[in-house]
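K.L.:
I'd like to ask you about the structure that follows.
Nothing in this text is a laboratory measurement; each read-out follows from the coordinates by a stated rule. Since the structure is predicted, the reported quantities are computational estimates derived from the model, not experimental observations. Methodologically, a virtual Cβ is constructed for each residue, glycine included, from the backbone with ideal geometry; neighbour enumeration extends over all protein chains shown.
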Amino acid sequence: ITLISESALNGLSKVPKVHEGQKINLVQVTGSAAISGYVKLDLYFSTEGGPVKINVDTYMVKGMTAPFILGNDFADQYSLSIIQRLGESFLSFGDTGRELKVSSSISPTMVDSSG
């Protein structure tokens, strides 16, 4: 599933309506947090070939420090792939021919001060 932290959601210039979703506990993400509903978001990716816009259902998690986590379901739905080439990594957007250079990031913890 695709996740957004409550603080990242509240930091958006236009906060979308939160819809009620399934009750899911996320032990792997925060140790104890639960999903607080979901929002529909348009994600924009800037590539050399032009922008790519993708609409996703994103579940809100209170207490998650990572602002946003794209899930495998998102990657499958939009045919996204990680491509390794000449020591660099790229996110490939299906058969559009568009790619975005990406890098790995690791957070020491996935829990913020609220849980």
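K.L.:
Return, ordered by residue number, the residues of the range 56-71 whose backbone nitrogen is under 12 Å from a label point located 7 Å along Cα→Cβ of Asp42.
P.N.:
Counting only backbone N, you get 56.
K.L.:
What are the extents of the Cα atoms of the range 3-102 along their three principal axes, listed from largest to smallest and rounded to whole Å?
P.N.:
The Cα atoms of the range 3-102 stretch 40, 28, 22 Å along the principal axes, largest first.
K.L.:
Let me ask something else. Cα to Cα, under 14 Å, and not fewer than 8 places away if on the same chain: which aspartates and glutamates meet these conditions relative to Lys17?
P.N.:
Within the straight-line cut-off, Lys17 pairs with Glu6, Asp42, Asp57.
K.L.:
Give the lysines whose C-alpha is closer than 28 Å to that of Lys101, dropping any in the same chain fewer than 8 places away, or say none.
P.N.:
Within the straight-line limit of under 28 Å, Lys101 reaches these lysines: Lys14, Lys40, Lys53.
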